[in-house]
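One structure is given here, and the rest of the page talks about it.
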Amino acid sequence: MLNINNLQVEVGGTPIIKGLTLQVPAGEVHAIMGPNGAGKSTLSYALTGRDGYEVVGGTATLNGEDLLALAPEERAAKGLFLSFQYPLEIPGVPTLTFLRTALNAQRKARGEGEISVPDFMKLSRDVAKRLGVTPEMMKRPLNVGFSGGEKKRMEIYQMALLDPRFMILDETDSGLDIDALKVVSEGVNALRGPDKGMLVITHYQRLLDHIKPDRVHVLAGGRIVDSGGPELALALEADGYDRYKDAA
Amino acid sequence: MALAELRLLAGEEALLNALPSTEAGQAAKAHLAAAGLPNRRVEAFKWTDVRAALADGIPEADGSAGLIPACLQDALVLDFAAEGFGLEGEKDQGLIIETEDSLELEGGGPLATLAAGFAPRAVVLRVTQSQSRPVVLRRHPGAPMRVRLELEAGSRLTLIDTGLATAGLSTGLLEIDIAEDAELVRYSLQNGGTGAIDLTHTAVTVADRGRYHAIALMFGGKLARAETQVVLAGEGASCLIHGAYLLSGSTHADMTTKVVHAGPNGQTRELFKGAVQDRARGVFQGKILVERAAQKTDARQNHHALMLSEGAEIDAKPELEIYADDVQCAHGNTIGALDDQALFYMRQRGIPEAQAKALLVEAFVTDVFDAIEHEGVRDWFSGLARSWLEASSS
């Protein structure tokens, strides 16, 4: 599924990711944990192709296809989805217009026909009901005036609607109270599947109580410095990241 | 500058020769001979150099006047062509149309003088009772227009004016008198090719509780300038002036407005939005003058523009001049680029860059059209804006 080999990324000429290697096989959920400034968000932006995140070495492939050569929208059409740590407000663009445009653009890129308006409306309503997204939220311009929790719910809503193959969740738990965390986690768990993969980036263990990972990796100083099963997250919660200072 | 020192350019000579021998034509000739065409050394024209645009003479007129959209099929259409003035459609009761060969011109500046000079006569529209059908003023390529519009007390009219020349010099002068409790709703569309020079001047006077409500969409031309001067003379008079400019290639569009609050309790709402790309240039000059007598004035002006390319240019000059002490006046002016973060966010969802830009620009300008009450015209303008976005992003 996702295959990252010796990835090196610079931001403004400063090396942030310094040779990162990671495999997430289909059907698995991997968590990336690490202290602030370890390069967690840089990894998610480099994989999705944001300007300013310059890949200076290494490879990243999804199902064998080179991601790094593609434009961000092409990566999205290949099934790569990033749930943003800070979802953007897009004033003037109604949420449903935005989503239908995105869905149809992805379908077009994959050589599929456009989804009809009635089919789209049905799909959007069905998904909304599952995630507690109100019709009121869907009528508003995307994320405008939404609370932090609503924005995160809207990210997962978009994720469910676009049905990606590989999902990166960047600090999805930040800004969520415990009830919202449950709703969002249930939404995420519903998207797990044998042909899908997930990378859950988080600073705290709390999210992993709800989204159970198959593997946990520790990112520090731009490299994966430790990997293990779910028990590693619990150990990190107890001991903190101090012991990786030297490893980084 | 002494008269003897003024050397006219070839284009100015050509204009002198082209002006008719009417009274207004002679007045324009005298003005032109004395001062030349307005150019960048004149403060009000520092970003819109008419002399430079006409330096090589008057471009040959080309293009069509454009079709009347389906939503305005019931309208009365007044055509202003090089051959003269024509009328199409039914005229309702309460609308009187006359022509006037020698109508005096008071002030207005050089563009008004020029437009009056070129027009063989003025068309005078008198609205004595409210009109349910709109009136369209259609300016043909290379044609002059002069219209005097008088709305009598309590009457209402919807006016649409268009100038769509591909090339040529088109001029327009619109003098509007809005009486007590009368209302004019106006929608203007200008779309010119790279050979089109389009110069219009609108002078509006609004009496007690009268209302001037105008929304304009400009795509520019070789040089396009729409001047609007509104005097809110009466008590409780109001105006709403919205404008959008969408410019690409090497086009130029200038929206210059001046609103004078002369009576108390007046209200002004101005909203201008622009998006400029390639080497195009957008100009916004907006002045609001509140005279001492105009207490309780409530005036707001906003101009926001997007630069979509490195080589694009936007020049803005917002001005508030206030002599009354009990007023509410505010203005805002921003010029920026599209939000990179929003663009990346949209692309991450699979929307190609060009389409994402088009969506963002459309969202940015669209509130200018929200004030359009005529649904058909709103769809028409929005559709034109969308076509421009699609064409310019492909």
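The values are calculated or read from the model by the stated rules, or taken from the named source; none is laboratory data. Note that this is a predicted model, so its numbers are computed, not measured. Here the Cβ is made from the backbone with ideal geometry for all residues, glycine too, and neighbour counts use every protein chain on show. Surface areas here come from the heavy atoms of the whole protein model, side chains and all, with no ligands, DNA or RNA. Shrake-Rupley method; radii C 1.70, N 1.55, O 1.52, S 1.80 Å.
For this structure, a couple of remarks:
- Conditions (1) outside any helix (DSSP H, G or I); (2) among the small types (Gly, Ala, Ser); (3) within 18 Å of residue A:214 (Cβ to Cβ): number failed by residue A:175: (3)
- Scoring residue B:51 on the criteria (1) loosely packed, with under 13 Cβ neighbours inside 10 Å; (2) in a helix (DSSP H, G or I); (3) not acidic (Asp, Glu) leaves a single failure, condition (1).
- Residue check, residue A:156 aliphatic (A, V, I, L, M), within 14 Å of chain B (Cβ to nearest Cβ) and not in a helix (DSSP H, G or I): no
- Of all residues in the stretch A:75-96 being out of contact with any Pro (no Cβ under 9 Å at 6 or more places or on another chain) and in a helix (DSSP H, G or I), the one that is nearest to the other protein chains (Cβ to nearest Cβ): A:77
- Being open to solvent by 20 Å² or more (accessible area, probe 1.4 Å), small (Gly, Ala, Ser) and modelled with pLDDT of 95 or more holds for only one residue in B:224, B:216, B:182, and it is B:216.
- Under the condition of being open to solvent by less than 60 Å² (accessible area, probe 1.4 Å) and part of a strand (DSSP E or B), the residues counted in the stretch A:9-32 number 13.
- Complete set of residues in the stretch A:101-153 that are open to solvent by less than 40 Å² (accessible area, probe 1.4 Å) and assigned to a loop (DSSP other than H, G, I, E, B): A:115, A:132, A:133, A:142, A:143, A:146
- Only residues that are under 16 Å from residue B:207 (Cα atoms) and part of a loop (DSSP other than H, G, I, E, B) were counted across the stretch B:259-286, and they come to 5.
- Selection status of residue A:233, in a helix (DSSP H, G or I), in contact (Cβ under 8 Å) with a residue 12 or more places away in the chain and touching a strand residue (DSSP E or B) at 6+ places or on another chain (Cβ under 7 Å): yes
- Residue list for the stretch A:172-204, filter: of a type in the set (Asp, Glu) and open to solvent by less than 70 Å² (accessible area, probe 1.4 Å): A:173
Let's see how each residue does on (1) at pLDDT 90 or above; (2) of a type outside the set (Lys, Arg); (3) in contact with a Phe, Trp or Tyr (Cβ under 6 Å, 6 or more places away or on another chain):
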| site | (1), (2), (3) |
| --- | --- |
| B:29 | yes, no, no |
| B:35 | no, yes, no |
| B:45 | yes, yes, no |
| B:52 | yes, yes, no |
| B:58 | no, yes, no |
| B:61 | yes, yes, no |
| B:72 | yes, yes, no |
| B:78 | yes, yes, no |
| B:83 | no, yes, no |
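- For the stretch A:63-74, the set of residues classified as within 14 Å of another protein chain (Cβ to nearest Cβ) and open to solvent by less than 70 Å² (accessible area, probe 1.4 Å) consists of A:67, A:70, A:71, A:72, A:73, listed by residue number.
- Qualifying residue in the stretch B:310-328 (condition: over 20 Å from the mean Cα position of the chain (by Cα), within 30 Å of residue A:48 (Cβ to Cβ) and modelled with pLDDT of 95 or more): yes
- Within the stretch A:205-243, tally of residues that are closer than 12 Å to residue A:29 by Cβ and either among the aromatic types (Phe, Trp, Tyr) or open to solvent by 80 Å² or more (accessible area, probe 1.4 Å) (or both): 2
- Within the stretch A:101-119, tally of residues that are within 18 Å of residue A:156 (Cβ to Cβ) and either out of contact with any Lys or Arg (no Cβ under 6 Å at 6 or more places or on another chain) or away from every other protein chain (no Cβ under 12 Å) (or both): 2
- When each of A:60, A:38 is tested for being closer than 23 Å to residue A:220 by Cβ, open to solvent by less than 10 Å² (accessible area, probe 1.4 Å), more than 14 Å from chain B (Cβ to nearest Cβ) and in a strand (DSSP E or B), the lone residue that passes is A:60.
- Criterion (of a type in the set (S, T, N, Q) and touching a strand residue (DSSP E or B) at 6+ places or on another chain (Cβ under 8 Å)) met by exactly one of A:172, A:134: A:172
- The strands (runs of 3 or more DSSP E) found entirely in the stretch B:146-228 that carry 2 or more residues being in contact with a Pro (Cβ under 7 Å, 6 or more places away or on another chain) are B:156-163, B:167-178, B:195-206.
- Applying the set (1) facing another protein chain (nearest Cβ under 9 Å); (2) part of a helix (DSSP H, G or I) to residue A:50 leaves exactly one unmet item: (2).
- Test for residue B:68: is it among the β-branched types (Val, Ile, Thr), closer than 25 Å to residue B:254 by Cβ and in a loop (DSSP other than H, G, I, E, B): no
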